[in-house]
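All of the numbers you see were taken from the coordinates with simple rules; none came from a lab. Here the structure is a predicted model, which is why all the values come from computation and not from measurement. Note that we place each Cβ from the backbone using ideal geometry, even for glycine, and neighbour counts take in every protein chain shown.
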Amino acid sequence: MKRRDLFAGSFALGAVAARNSWASVPAAAAALQRTATPGTMPHLPPLRVHMNQLTDIKVCLRPFRAAGPRLDVEKIGDKTVIHHYGHGGSGWSLSWGSADIVVGKAASTLEKRVAVIGCGVIGLTTALTAQRAGMDVTIYTKDLLPHTRSVRANGSWTPDSRIALTKPAGPGFASLWEQMARYSWKTYRDYLGLPGNPIDFRDSYTLSDTPFDQTPEPPAPLRAAPITPAPANPKIAQNLLNMAS
Ligand SMILES: Cc1cc2nc3c(=O)[nH]c(=O)nc-3n(C[C@H](O)[C@H](O)[C@H](O)COP(=O)(O)OP(=O)(O)OC[C@H]3O[C@@H](n4cnc5c(N)ncnc54)[C@H](O)[C@@H]3O)c2cc1C
């Protein structure tokens, strides 16, 4: 998971490629001035991107459900099945918080032996959360690491990316989403500075074919993390802004 800084602006790919550095793109330089710590402004060389530099194409999934992730409990025979999937473009970001919710449901059955199906980011965080809660966990999976779809994702902090649609998700979803986002944020924070840097804060840049000064101002950044534009649920957007303030 790499959380990334978002400059309060975006780069114009065409413009940058044609010039020597960010400093010659006035709007980008101004955005950098607003956000970078004085004396630490990076030199960004122009990009040279050509089709023949493509070495691989990887496909990931955003398992989207209009009603938001499925987290409900179902009884099948003598087994309790707790569904846990459908986190859209926010699986990495919401995983720990979502795992906390479903493991809470598992704990309420008093069953100590748990089978987790899948070892994408959702399966792994669920298994670890269950293990930390004292459960005896076995993972059953079709693909092993590193061949899960999750491994191919960015792993940025994007908790409101393709997560739900307002109407099907219903009025209760915003607070559930906020619970997942807050819990995940706190959990990821605990991984900062650990060996191997599993989590860090990074600068990130938005590329665009439209010149920077012709695009509208992007939404205010969530501290050091990017917010994808126009979340589907306006309540979620408001909650994000509240979290950032
Ligand atoms: C291009 C891209 C970029 C993304 N970037 C981000 C990002 O920056 N931040 C973010 O928060 N989210 C991001 N996402 C979304 C995120 O990657 C997904 O929400 C997340 O990977 C879903 O995880 P998962 O564990 O549900 O699914 P998967 O990673 O697909 O894992 C599913 C698991 O189930 C197993 N399985 C499947 N079928 C069976 C079966 N029949 N029997 C047994 N096991 C089975 C698989 O083998 C696998 O282990 C991105 C998505 C895409 C497409």
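Structure notes:
- Virtual spin-label span in nm between K79 and T55, 7 Å along Cα→Cβ: 4.2 nm
- H84, H147, H50 arranged by Cβ crowding within 10 Å, fewest neighbours leading: H50, H147, H84
- Amide H contacts of T158: S93, each under 5 Å away and 5 or more positions distant or on a separate chain (H built 1.01 Å from N in the peptide plane; Pro and chain starts excluded).
- Ranking of T210, T141, T55 by count of other Cβ atoms within 10 Å, fewest first: T55, T210, T141
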